[in-house]
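Reading through the structure tokens given below for one structure.
The values are calculated or read from the model by the stated rules, or taken from the named source; none is laboratory data. Just so we're clear, the structure is a prediction, and the values are computed from it rather than from any experiment. Cβ sites come from the backbone with ideal geometry, for glycine too, and all protein chains shown count toward neighbours. Quick note on the areas: whole protein, heavy atoms, side chains included, nothing else; ligands and nucleic acids left out. Shrake-Rupley method; radii C 1.70, N 1.55, O 1.52, S 1.80 Å.
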Amino acid sequence: MLGWLVPQWMVLMGLALSPLAPTVERVQQALEKAEVLPSGLRRDDYLMVVAGIVNFFHRFQMPDGSIVDPFVHREVQYSTPCYAWAAAVLVVSGKRSDLLESAAKALDCALQQLADAKPADRHGDFFTFPALLAYEHLRDRMPPERRKRWEQLLGAIDPYQAYRDVLSEKKWEVHNWNIVAIAGEFLRARHGFTDLAFVERHLAVQLKHFTAEGLYRDPNHPMAYDHFPRHFLAVMLELGYTGKFRDTLTELLERAAWTSLLLQSPHGELPTGGRSAQHQWNEAMQCVTYEIWARRKWREGNEVAAKAFKRAAHLAFQSIRHWVRPSGELWIVKNRFDPALRHGFEGYSFHSQYNLLVASMLATAWLFADDQIPEGACPADVGGFVVHLPDFHKVIANAGGMYVEVDTAADPNYNSTGLLRVHRKGVDPLVGPSDGAAIKDEPLAIGIAWREGDRWLPLAGLGQQQIARTEVTVHEQTPQQVAFTIRYEMNRDGRVKAVIETYEVTPKQVRVTVEVDGAVDCLLVRFPAIAFDGQRVSRIWVEGSMAIVQLGNSRQTFRVDAPEGVKLRRSGRWVKSRNGYLEPVEGEIMGKWVVYSLTPEIVD
């Protein structure tokens, strides 16, 4: 069982108990009885994807060792040190001994940039961690003079010059970049190139960003940048960090590891939402965390937990394998557009650095993976829970592998408010759908709209400033069914005071009842059907109150169950989303309530 005792400072900060502790205990008990068909994945399978990425980018290595992006034709961010670590793992694993000089040249370049405090794109915070792992695994294969040069460069790094996100007399806040730098400085200290002063000073400031569930709050609370910093801290703990924050980090990361298991989709995906959502590295960092926690639980003798974490790592890896391009590297975002089009990219997303970040993360997962730990069921398989994360304005629920994600107050730059994701085991996640659109582009999620003057105002379009508060009430939590209600209270003048959604989720169907508290006499129900993923055009057809979208052999059926006689129609309009383009399917309803259902399935 989990230990929820914490240091006194956490008690003073309100972190004495994890809000999810009872859920985790109950889910662990359910896992003891559950059975799943193992994936059959092994440790070296990680290296197959690593090799595909490294082989592709090997062609873009310059004489000085740097890696150049094939689309912007320059070295981007931390591509080079990530390449060094990924290539080093292929060398030491015996898979590609011919890459030794290539890996070493990349490390030459990365270390020189760090020592000179001139890292590519001023992203030195991200350099040291993969560079130290590459050094550790390559040093004994180098001639003495090259190893000595590396060690001179490693000793010459000044973190306050090489990194950007550091404390100073004028800067008192640090965020996710800084935790990557902390992990790198820990590795430097581990090998005797510095002490732990930088690590301890910055950890003391970072702890306030953690929630009672153990999650990390980066600015605007994106889901990806919760797990991203935590996976670096998990590596620190596993590699022997014994500083003054060890016990606190152990407790926080224990909580967070279990919380993350509850949040994982049955397809192994991290929840969508905020900056960098649905990039493949979202799943790769899960592989690292879960392989480490599988080892920890195995050492503790908790076989059920160890098997669950091993299974979760493999689910995440299966998601990544789904996005391998014919050329061997990845589509870095979950769509199949030509990377030159940058569809779904952030301004900082590039084909090189985000492919090589995945390769680096999978190399780290390989480092910690233990094939003696078998797979067992994990929470994504079994379900039977509802998770409300107020800090991240998300509700996640799972019943027997049917998974929903609701954003209760969306960040307008990235998402819409309402039901964003429906995933079911075995059904293509894009047909779910897997996300809506950003409010700034066009508000679109599964849900309703109502008349305000001469226009329809969708719940999807009410972001963080227009939702006063949300109240979540859980009614039932079993693997056979979960049920909960979300009440959205408005922070605006208008005809609607609140919207109430009640969800009933079973392993086969999601059913939603929506009521409006306000002076309205008609509603518009809206369903975003995936229309195009960059490669495949879906089939969409409407029959009365039912709309069907099919992508390959995966199908989603959206139906208005009540009131009777509702006529759905295709809008014919394509709305951009991370996954491609969505076509809204809509239908008008008299009154102020509606019941609709979603049934994802595989068809012959």
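Projecting the Cα positions of GLY347, LEU330, LEU270 onto the charge dipole of region 266-388 (unit charges on Cβ atoms of Lys, Arg, Asp and Glu, taken about the Cα centre) puts GLY347 furthest along the positive direction. Peptides 64-74, 470-480, 579-589 ranked from most to least packed, by the mean per-residue count of other Cβ atoms within 10 Å: 579-589, 64-74, 470-480.
Return one whole number: the accessible area per residue of the chain in Å², for a 1.4 Å probe. Could the numbers behind the result be given before it?
On the way: 21150 Å² over 604 residues.
About 35 Å² of surface per residue is accessible.
The Cα atoms of region 523-604 cover 40, 29, 18 Å along the three principal axes, with the biggest extent listed first.
Work out, step by step, the length gained on full extension between LEU167 and HIS475: first 0.36 nm times the residue separation, then minus their alpha carbon distance; give nm to one decimal.
Numbers: separation 308, 0.36 × 308 = 110.88 nm, distance 4.59 nm.
Result: 106.3 nm gained on full extension.
Summarised as an ellipsoid, region 42-129 has semi-axes of 22, 14, 12 Å, derived from the eigenvalues of the Cα gyration tensor scaled by 5 and square-rooted, with the largest first.
In terms of the mean number of neighbouring beta-carbon atoms within 10 Å, the peptides 448-459, 336-347 order highest first as 448-459, 336-347. Selection among LEU154, ALA529, TRP293 by position relative to the dipole of the chain gives LEU154 as farthest towards the positive end (Cβ unit charges, Cα centre).
Gain on full extension, evaluated as 0.36 nm per residue between GLN372 and ALA340 minus their Cα-Cα distance, stands at 7.3 nm.
Shown for the chain: the carbon plus sulfur share of the solvent-accessible area, taken with all protein chains present and a 1.4 angstrom probe, equals 49%.
Derived scalar couplings between HN and Hα for region 374-379 equal x, 7, x, 5, 10, x Hz in order, rounded to whole Hz, by the Karplus curve 6.51 cos²θ - 1.76 cosθ + 1.60 (θ = phi - 60°), x for Gly and Pro. Taking label points 7 Å from Cα along the Cα-to-Cβ direction, ARG492 and ARG570 give a separation of 3.0 nm. Counting Cα-Cα pairs of the chain in 10 Å increments starting at 0 gives whole-percent bin shares of 3, 17, 27, 26, 17, 7, 2, 0, 0. Under a straight-distance cross-link criterion of Cα-Cα below 25 Å, which lysines are reachable from LYS208, leaving out those fewer than 8 residues away in the same chain? Candidates past the 8-residue exclusion: LYS170, LYS171, LYS244, LYS394. Net charge dipole, region 247-305: roughly 60 debye, given to the nearest 20, about the Cα centre with Cβ charges of +1 for Lys and Arg and -1 for Asp and Glu. Taking every DSSP helix (H) stretch of at least 4 residues in the chain, weighting each as -39,500 (n - 2.57) and dividing the sum by the residue count yields a mean residue ellipticity at 222 nm of -11000 deg cm²/dmol.
Cross-link reach is defined here as a Cα-Cα straight distance under 18 Å, omitting same-chain residues fewer than 8 places apart; for LYS497 the lysines meeting it are LYS592.
Within 10 Å, count the other beta carbons around each residue, average over each peptide in 591-598, 258-265, and list them highest first.
On the way: 591-598: 18.9, 258-265: 25.6.
Descending mean neighbour count gives 258-265, 591-598.
Computed from point charges on the beta carbon alone (+1 for Lys and Arg, -1 for Asp and Glu), the dipole magnitude for the chain about its Cα centre is near 600 Debye. Under 5 Å from the amide H of ALA529 lie the amide H atoms of GLU583, VAL585, each residue being 5 or more positions distant or on a separate chain, with H modelled from the backbone and absent for Pro and chain starts.
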